[in-house]
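A quick write-up on the structure given underneath.
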Amino acid sequence: MAFAERHLLGLEGMGAEAITSILDSAASFKEISDRDIKKVPALRGKTVINLFYENSTRTRTSFEIAAKRLSADTVNISESSSSASKGETLVDTARNLEAMRPDAIVLRHSMSGAAHLLARHVSCPIINAGDGCHEHPSQALLDLLTIRERRGAIAGLTVAIVGDLLHSRVGRSNLHGLRALGATVRVVGPPTLVPREFAALGAEVHTRLVDGVRDADVVMMLRVQRERMGANFFPSLDEYSHYYCLTEEVVRLAKPQVIILHPGPMNRGLEISSAVADGPYSVIMNQVTNGVAVRMALLYLLIARSKAEDAAELEAATDAPVVRGRSGGRA
Ligand code: NCD
């Protein structure tokens, strides 16, 4: 089934065909960002709200640029500028925003499940831009696009995801996506930071960095998320970097054409050395570029589809054909 959901809440349970259709669509949107005039009218007259309750550089900017390149209007709300600071609940905030008729809400929240909660209470498409330690589907999709571009296909690759998997929504979404597309996934980190459930989700669990990286086609480093750690998960930062920092020496154990990913923000010298982050195998900046294309595809697919559904419902209710605009929505 091609991607036909009303919301994008996570990659868990999403099949290969749906993921591939999003990646194909993102690949076709990429070229717009290389134009002199980086704008197409696909979402003209549509409104996208970025509701971000956590700090973000890449993801929020990327969604905003993606919406603007499709000619949508964007509104950015951060926790400090929202009424959350006055005690309003997330659902009440979202209901009020929905009453202003946005066409999509992009949500980042520290609570796992926040996007699912909103999807039950508002009818416009919700895009999960990271919910607690749960999922970050648009990041995983841009990672998948980057891997596919570099390696041609994802099926059959061995991908090592290294670091703080316990707190990583990026790692979790990637595990679902990579498994759906047929990659072998290794999760690598100290036992305190690699949940056992990952083995049940089809990952190979490694505690030694060299074992995880050996002969890998792709190495994806994760940030050590100290802000989410309520306890000590390892003795010291020095000890963590001694055992788990990706250095050039470790990279040499991987396949010769290995590519190195990191979702950012990076802790240089803690989980990844600068020589690797800025070195010839790094595709970290390609990930950021691809992020805009993936978010353009997601906004386009979700908004165009929800408008088509609304029109179909109206037609069915009134028995009158609805005049459609070029994007498939009501004119
Ligand atoms: C990630 C996030 O916020 O989950 N960053 C991102 O979106 N680019 C990863 C992280 O914060 O470590």
Exercise for the section: Pull out a ≥ b ≥ c, the square roots of the eigenvalues of the alpha-carbon gyration tensor of the stretch 114-211, then state rounded if a/c is under 1.5, prolate if not and a/b is larger than b/c, and oblate in the remaining case. Expected result: oblate
Exercise for the section: Quick one: go through the stretch 96-132 and flag any residue whose amide nitrogen is under 12 Å from the point 7 Å out along the Cα-to-Cβ line of Asp24. Expected result: none
Fill in the blank from the handout: Spelling it out for Ser282: with amide H atoms placed in the peptide plane at 1.01 Å from N, the residues 5 or more places away or on another chain with amide H under 5 Å from its amide H are Ile260
Practice task
Once you have the Cα-Cα distance between Ala153 and Leu253, take 0.36 nm times their residue separation minus that, and quote the gain in nm to one decimal.
Solution key: 33.8 nm
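Suppose R0 equals 45 Å. What FRET efficiency, 1/(1 + (r/R0)^6) with r the Cβ-Cβ distance, do Thr318 and Asp278 give to the nearest 0.05?
Values: r = 59 Å, r/R0 = 1.32.
The value I calculate is 0.15.
Translational diffusion coefficient of the stretch 137-286 at 37 °C, 0.692 mPa s, Stokes-Einstein with Kirkwood Rh over Cα pairs, in µm²/s as a whole number.
Estimated diffusion coefficient is 219 µm²/s.
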Practice task
Using the structure shown, list the pairs from Lys38/Lys307; Lys39/Lys307; Lys68/Lys255 with a Cα-Cα distance above 28 Å, or answer none.
Solution key: Lys68/Lys255
Exercise for the section: Quote to one decimal, in nm, the extra length available between Met111 and Thr192 on full extension: 0.36 nm per residue of separation minus the C-alpha distance between them. Expected result: 27.0 nm
Exercise for the section: Report the calculated FRET efficiency for Arg228 and Glu79 (r = Cβ-Cβ distance, R0 = 22 Å), to the nearest 0.05. Expected result: 0.85
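Counting alpha carbon pairs within less than 8 Å and at least 6 residues apart, what relative contact order, in whole percent, applies to the stretch 23-163? Please report the intermediate quantities before stating the final value.
Numbers: 189 pairs, mean separation 29.0, N = 141.
Relative contact order for the stretch 23-163 comes out at 21 percent.
Per DSSP H run of at least 4 residues, take -39500 (n - 2.57); add these up for the chain, divide by its residues and hand me the 222 nm value, nearest 500 deg cm²/dmol.
-12000 deg cm²/dmol
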Fill in the blank from the handout: Length gained if Leu201 through Ala308 is fully extended, taking 0.36 nm per residue and subtracting the Cα-Cα distance, is 35.0 nm
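Work through the residues other than Thr61 whose Cβ is under 11 Å from its Cβ and net out their charges, Lys, Arg +1 and Asp, Glu -1. Before the final figure, lay out each step's value.
On the way: positive: Arg58, Arg60, Lys68, Arg295; negative: Glu64.
Taking every other residue near Thr61 into account, the sum is +3.
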Fill in the blank from the handout: Summing +1 per Lys or Arg and -1 per Asp or Glu among the other residues with Cβ less than 12 Å from Leu270's Cβ gives -1
Exercise for the section: Using the 2.2 N^0.38 Å rule of thumb for compact globular proteins, work out how the chain stacks up: its C-alpha Rg over that value, please. Expected result: 1.02
Fill in the blank from the handout: Two pseudo-spin positions, 7 Å from Cα along C-beta at Ile37 and at Tyr243, lie apart in nanometres by 5.8 nm
Fill in the blank from the handout: For the stretch 183-188, in residue order, the Karplus 3J(HN,Hα) values (coefficients 6.51, -1.76, 1.60; θ = phi - 60°; whole Hz; Gly and Pro = x) are 8, 8, 10, 10, 10, 10
Fill in the blank from the handout: In whole angstrom, the spacing between the Cα centers of the stretch 219-297 and the stretch 62-84 equals 28 Å
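Here, each number is a calculation from the coordinates, and none is a lab measurement. Here the structure is a predicted model, which is why all the values come from computation and not from measurement. Heads up, the Cβs are rebuilt from the backbone with ideal geometry, glycines too, and the neighbour counts pull from every protein chain shown.
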